[in-house]
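A quick write-up on the structure given underneath.
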Amino acid sequence: MSPSTSNPTVVLHASGYDLPDDQRRLVRWTIYIGYFALAAGVAHGFAQGLSYAKIDILRFFPALRSYYQGLTAHGVANALFFTFAFSNAFLPLMTARALSRPMIKGFLQATLWTLVAANVMVIWSVTTNRASVLFTAYAPLQAHWAYYLGLVLLVVSTWIASAHLYVLLARWRRDNRGERIPLLAFISVLTYVMWDIASIGIAVSFVGFLLPWSLGILERTDPLLNRTLFWFTGHAIVYAWLLPAYISWYALVPRQTNGKLVSDPLTRVVFIMFLLLSIPTGFHHQYTDPGIATSFKAFHALLTFGVFYPSLATAFSVVAALEIGGRRNGGGGLLGWIRKLRWDDPSLTAQVLAMITFVFGGITGLINASYFVNQIVHNTAWIPGHFHMTVGSAVALTLMGVAYWAIPYLTQRKLWGRKLAVAQSWVYTVGVLIMARGLISGGLDGMPRRIFRAEANYGAESWELAGALTGIGGTLMTVGAVMFFLVIVMTIFFGKKGEGPKDIPFAETLIPASREGWDVKLDRIGLWTVAAVVLVLIAYAPFFLTYLPARLVSPGYTFF
Ligand code: HAS
Ligand code: CU
């Protein structure tokens, strides 16, 4: 079997890529857990959206005792379990495909079962109202130990998935000395290297403080330190959600529209920049927190503008790839190629609409990051406006789009309801844009986030329209999500057998990786990892050195 590197995105073998059935099943179930979480989270999201329009349907959720319990369920299910379950399956699959090697069953099993255990603990603690502390788990709000332990296990599942990637890559490198790492594997591995470093913050916070505190081993904890450790992880976490979507935009989407990925080296540079800059930016979530020097915050603000750059480069790359595809499909003129983008392909449509929404997500991110302007939007409804156009659509809609080929690929069944699937992305996108418009304008008029507006007897007049738009948009998003689940469930049970795609739609590259050029050095993952750690130390050590030891001052509180 002689590997060929003629396609730099993946290694091609003459025998093609055969995913063994047992591995296919494990990958499928890991992804299913993600979509179960999405379904649960979406139901709560519907209630949240309507509550802004002063419609209270929370009473129809039998287990629900407070708005905050529902908000916790929404955030944890959608932002944490959905995203990471997906990545835990998707990244090993992409890496294995790129290297043209089978995955390792033990790792897949360990990832899946850790994820299941994490789910059980978190679902139990949240549904029994023992953990209404939101996904940010801010102390001194205190949750049951099962909540913290469940989230720790979720992180452990990502570490197992990362270990899987590293072993796959190490073995491939041993067998292919001197070869360039195929792009798809490189960007998948870098995503989890970044996340592994980032997750140290939340691991220290949960294992070192919150878990022992919830068990009564520690009587008090340090709220500011816990918040800081959370946001050490918490900005980078958004890229752990985003980068799997970017992997699809870079390495798969061009193929789906008959285009080509523009540049292999540029793509590697983009992911290296995310590795370097995702973490040392966490204080931009704490601009208004007391106890952190302004100079530290300003430094993180500066680096946040740095991490904006790889997304701008991504915008250039993905639009160029789409344009190549649209023109090859016969589109002419300045913008005529847009019409020729294979809008009848649900997977592509979902992802292009996700990209368009992300333009607004990115712009609002820039506004958040601006130290002084942040004072206007912080803790207002603007922020959920921002993150529904990022994680709530750029990521969620992309992962739905991926499902439109991945579920047929993993089940070997034909996609059911193709036209419904295309309509689904449009409904979801129109919904998210209307909802975000409501949240954003409300936020600018001072409408707070994290409030149960259905029962709030205060507010500006303009909040009425903002709230109504949020409710209408949220309802459309829910309809879009239900359409998605219908397509997926019908595909799993009734899709035509034996008619799923045989391979993953990876793209070819216009400017490939060179064998001897400057870009060979980009493959030095170890070096970039060390550089990332050094940058994190520069950005965070001054705070920790001047702050520590921990100030264990606060007992736990349970309000809701
Ligand atoms: Fe953010 C708060 C800054 C990106 C998620 N963010 C949040 C929270 C979440 C979140 C969940 O600086 C709230 C957390 C909480 O509960 O408190 N964010 C940024 C910045 C970016 C950014 C600078 N955020 C994201 C992404 C997220 C996410 C991605 C999830 C996946 N964010 C902040 C800040 C806060 C914050 C502050 C704290 C606010 C506060 O006060 O609490 C940047 O990374 C954004 C860069 C993006 C771009 C867009 C590039 C566009 C592309 C698409 C191109 C395609 C096209 C379509 C043009 C520069 C790649 C072509 C199609 C055709 C048909 C032609
Ligand atoms: Cu952030």
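The values are calculated or read from the model by the stated rules, or taken from the named source; none is laboratory data. Predicted, not measured: the structure shown is a model, and the values here were computed from it. All Cβ positions, even for glycine, are placed from backbone atoms using ideal geometry, and neighbour counts span all protein chains on display. The protein model used for the area step is the full one, side chains on, heavy atoms only, and it has no ligands, DNA or RNA in it. Shrake-Rupley method; radii C 1.70, N 1.55, O 1.52, S 1.80 Å.
Odds and ends about this structure:
- Segment 449-527 - charge dipole about Cα centre, Lys and Arg +1 at Cβ, Asp and Glu -1, debye rounded to 20: 240
- A simple packing score, the average count of other Cβ atoms within 10 Å per residue, orders the peptides 109-116, 293-300 as 109-116, 293-300, with the highest score first.
- When the convex hull of its Cα atoms is projected in every direction, mean area for segment 422-560 (nm²): 18.4
- The lysine pair tally for the chain, using Cα distances under 19 Å and a gap of 8 or more places or different chains, is 6.
- Nearest-0.05 FRET efficiency for ALA423 and ARG59, computed from C-beta distance (R0 25 Å): 0.20
- Each distinct pair of alpha carbons in segment 78-201 adds a 1/r term; the inverse of their mean, the Kirkwood radius, is 15.5 Å.
- Were the residues from SER462 through PHE305 laid out at 0.36 nm apart, the gain over their Cα-Cα distance would be 53.3 nm.
- Prolate is the label for segment 406-475, because the ratio a/c of its alpha-carbon gyration tensor axes (a ≥ b ≥ c) is 1.5 or higher and a/b is greater than b/c.
- Highest mean packing comes first when the peptides 515-522, 340-347 are listed by Cβ atoms within 10 Å, giving 340-347, 515-522.
- Amide proton proximity set for THR380, modelled H, under 5 Å, gap of 5+: ARG449
- Spacing of the two label points (7 Å from each Cα toward its C-beta) at VAL359 and VAL373, in nm: 1.7
- Size of segment 230-322 as Cα extents on the principal axes (Å, biggest first): 53, 19, 17
- Note on segment 1-149: Cα Rg divided by 2.2 N^0.38 Å, N the number of residues, gives 1.34.
- Spatial offset of segment 17-75 relative to segment 238-278 amounts to 27 Å, using the alpha carbon center of each.
- Cα-derived Rg to Rh of segment 89-157, Kirkwood definition: 1.16
- Segment 293-360 versus segment 401-470: alpha-carbon centroid distance in Å: 20
- Backbone N under 17 Å from the HIS13 label point (7 Å along Cα→Cβ), restricted to segment 53-96: 93-96
- Spin-label pair ASP22/ALA170, simplified geometry with 7 Å Cα→Cβ offset, distance in nm: 2.2
- Lys, Arg +1 and Asp, Glu -1 on Cβ, resulting dipole of the chain about Cα centre, debye, nearest 20: 980
- Within-13-Å neighbourhood charge of LEU99 [Cβ basis; K, R +1; D, E -1]: +4
- Degrees between helix 418-444 axis and first principal axis of the chain (Cα, 0 to 90, nearest 10): 40
- Here the gap between LEU215 and VAL479, fully extended at 0.36 nm per residue and compared with their Cα-Cα distance, gives a gain of 90.9 nm.
- Solvent-accessible area of segment 74-166 (1.4 angstrom probe, protein heavy atoms only): carbon and sulfur portion equals 76 percent.
- Binned Cα-Cα distance frequencies in the chain - 20 Å width, integer %: 21, 58, 20, 0
- From most to least packed by mean Cβ count within 10 Å, the peptides 56-67, 191-202 give 191-202, 56-67.
- Nearest-0.05 FRET efficiency for ARG327 and ARG177, computed from C-beta distance (R0 35 Å): 0.30
- Extents of segment 337-494, largest first, come to 52, 34, 26 Å (Cα atoms, principal axes, whole angstrom).
- Taking 0.36 nm per residue of separation and subtracting the current Cα-Cα distance, fully stretching the chain between PHE559 and VAL207 would add 124.4 nm.
- Nearest-0.05 FRET efficiency for LEU334 and GLU508, computed from C-beta distance (R0 25 Å): 0.50
- Percentage relative contact order, segment 50-178, counting C-alpha pairs under 8 Å, at least six apart: 33
- Positive-end residue, segment 1-143 charge dipole about Cα centroid, Cβ charges, pick of TRP113, PHE36, THR127: THR127
- Total formal charge among the other residues, if their Cβ is under 13 angstrom from that of ALA513, Lys/Arg +1 and Asp/Glu -1: -2
- In this structure the amide hydrogen of GLY259, modeled in the peptide plane, comes within under 5 Å of the amide hydrogens of GLY325, none closer than 5 places in sequence on its chain.
- Checking every one of the trypsin sites (Lys or Arg not before Pro) in segment 161-211 against DSSP loop status and a limit of 11 other Cβ atoms within 10 Å picks out ARG177.
- Taking amide H positions as modeled 1.01 Å from N, with prolines and chain starts lacking one, the residues under 5 Å from THR221 and 5 or more places away or on another chain are VAL553, SER554.
- Taken about its Cα centre, segment 364-517 carries a charge dipole of roughly 640 debye when the Cβ of each Lys and Arg holds +1 and the Cβ of each Asp and Glu holds -1.
- Farthest toward positive dipole pole in segment 194-302 [+1 Lys/Arg, -1 Asp/Glu at C-beta], among TRP195, TYR246, PHE299: TYR246
- ³J(HN,Hα), Karplus 6.51/-1.76/1.60, whole Hz, each residue of segment 93-103, x for Gly, Pro: 4, 5, 5, 4, 5, 4, 8, 6, 10, x, 6
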